Structures are given as C-alpha cells and as structure tokens.
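Encoded as structure tokens, the structure appears first; notes follow it.
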Amino acid sequence: MKGDFGAVSFGRQNTAGVQISDMSDIATFTGDQKAFINSGNEQVNNTFLYAYNMDALKLKASYIAGEAKDTDGYGISGIYSLPFGLDIGLGYSGNDNGVGAGSADQIIAGLGYTFDAFYLGATYTSGDIDDKTKEEFDGVEVSAQYKFTKEFRVIAAYQNRQTELSNVKTDESDFFELTGRYDFNKNFRSYVAYMLNNLDDDKVGYKVEDTIRLGLRYDF
C-alpha cells in the first residue's frame, strides 16, 4: 500500500535497519553485521514495514510479529543525504528472544560517499545478543567501489565482527575481500571474489582458509 503518507508492506522482507547495513554491504561476503539479532536482519517473516521518503531523508520503521511467543521485534532507521554526495545513516532495533529468555538490541550507524564512479561506505554496529546472559557484540565494515565502465566494477572490503561473553571476546569474522563484477544488464551479472581470512586457527578451533568464489546472479 502506497500513498502520500509513504508505503506500508507486510510479509517476508527486510527490516528497517537493513538500509543502513546496505551502505557497506556491496560485495560478495559482506553484510553479516546485520545478522547479530533478528530484528536487524534481512528477509524476516511476518514483518510490517513502513517507508517514507522526503527529499533528502529516507525513513523506515518495522515490526516483526514473531511466530513463537515473546519473539516480537521492532526497528527504526533513517538516512540523510547531503548535496555533496555524503549519506549519513542511523538505526536502532530490538527484539525478545523467547519465553524466559532475555532481549536483544542493536544500534547501527553508517556513512556513504559517492564521487563520480567512486563509492565508499562504512558501517558500525553494537548491542546485546542477550541482556540476560550479558552477551554483547560489535562489528565494523568498510567497502570501496570503483566503476571502470557501465558494466565493470571492482570492490574492496574489510569486515570484523566480535562477540563478548563473560569478558571473553571472540572474533566471528575478520577478513579482506576483493571482487570483480561484470553486469550484463540490470538483472544479470557475473563476479569473481577472493576473501583473505584473518581468523586464528587456534582461537576458532578449526582450520581457517581463504575463499575464492565465482558466480552468476540473476535478480528477478
């Protein structure tokens, strides 16, 4: 439903905070900073979303009708675009974790800068996975993109995500990425991406490996 008041939708869709995480989520392996808690994630079931665009300001608010008891969530976010190519974004979300469990919340901030064929985006997020167990998280992601032609672009990115429980910090991700992407048209593209994994084998308990991914993607 859409009108002068904005747009309202319901179903499996992105929550309000995703427009902030998208400011740096432009590569192949990026974007997990939105996945710490359900109310800040993408493609969540039973989500009501309200969106309103006003000149340089984009506002979104979401509410999740949880499928299980005490799992409802909410979120609000906004992006303000300055006339010289700088975007500033801020969002907040929260949800209950279930019957007898604690609650989660997240604040996420983002910056984006566009100059001709160059784009630079950065996001930072912090919050509680469970306020009962005192498990916390924070994450940072920085991405840069340059379009050499209408079809071909190169993207470089860095991401680090950490959780903390009982004063013990754990790296959930720590990597650099380099991606080359070729767009055949607005719906179909190919890409090759290399991820340099900086996690420590001894700390994570498994053999850490770099990743190369070659793919084709079609957006309906």
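Which residue out of Ile20, Ile26 is part of a helix (DSSP H, G or I) and closer than 22 Å to Ala144 by Cβ?
Values: Ile26 fails: part of a helix (DSSP H, G or I).
The conditions single out Ile20.
Sort out which residues of region 41-91 are surrounded by 18 or more Cβ atoms within 10 Å (Cβ to Cβ), not in a strand (DSSP E or B) and not small (Gly, Ala, Ser), and write them in order of number.
Asn41, Thr71
Considering only region 153-161, I want to know if a residue exists there that is without any contact (Cβ under 8 Å) to a residue 40 or more places away in the chain and over 18 Å from Gly121 (Cβ atoms).
Scanning region 153-161, I find no residue that is without any contact (Cβ under 8 Å) to a residue 40 or more places away in the chain and over 18 Å from Gly121 (Cβ atoms), so the answer is no.
Given the condition among the hydrophobic types (A, V, I, L, M, F, W, C) and surrounded by fewer than 21 Cβ atoms within 10 Å (Cβ to Cβ), answer yes or no: does some residue in region 11-25 qualify? Can you show your working first?
Taking region 11-25 and keeping what is among the hydrophobic types (A, V, I, L, M, F, W, C), we get 16, 18, 20, 23.
So of that shortlist, the ones also surrounded by fewer than 21 Cβ atoms within 10 Å (Cβ to Cβ) come out as none.
Within region 11-25 (the criterion being among the hydrophobic types (A, V, I, L, M, F, W, C) and surrounded by fewer than 21 Cβ atoms within 10 Å (Cβ to Cβ)), the answer is no, since none of the residues qualifies.
In the set Asp131, Asp105, Asp171, Asp138, which member is touching a strand residue (DSSP E or B) at 6+ places or on another chain (Cβ under 6 Å), in contact (Cβ under 8 Å) with a residue 40 or more places away in the chain and on the phi < 0 side of the Ramachandran plot? Let's see the steps before the verdict.
On the way: Asp131 fails: in contact (Cβ under 8 Å) with a residue 40 or more places away in the chain; Asp171 fails: in contact (Cβ under 8 Å) with a residue 40 or more places away in the chain; Asp138 fails: in contact (Cβ under 8 Å) with a residue 40 or more places away in the chain.
Testing whether each residue is touching a strand residue (DSSP E or B) at 6+ places or on another chain (Cβ under 6 Å), in contact (Cβ under 8 Å) with a residue 40 or more places away in the chain and on the phi < 0 side of the Ramachandran plot leaves just Asp105.
Could you please find all residues in region 18-39 being within 8 Å of the chain's Cα centre (by Cα) and over 19 Å from Gly180 (Cα atoms)?
Residues satisfying the conditions are Val18, Gln19, Ile20, Ser21, Asp32, Gln33, Lys34, Ala35.
Find the residue count for region 133-169, including only residues that are loosely packed, with under 13 Cβ neighbours inside 10 Å and under 21 Å from the mean Cα position of the chain (by Cα).
Adding up the residues that qualify gives 0.
Considering only region 74-96, state which residues are closer than 15 Å to Met54 by Cβ, within 16 Å of the chain's Cα centre (by Cα) and hydroxyl-bearing (Ser, Thr, Tyr).
Passing the criteria: only Ser77.
Among the residues of region 92-148, count how many are in a loop (DSSP other than H, G, I, E, B) and of a type in the set (Lys, Arg).
Within region 92-148, residues that are in a loop (DSSP other than H, G, I, E, B) and of a type in the set (Lys, Arg) number 2.
Read the figures in this text as sums done on the coordinates, not as results from a lab. As the structure is a computational prediction, the values presented were derived from the model and not from experiment. Glycine gets a Cβ as well: all are built from the backbone with ideal geometry, and neighbour counts include every protein chain shown.
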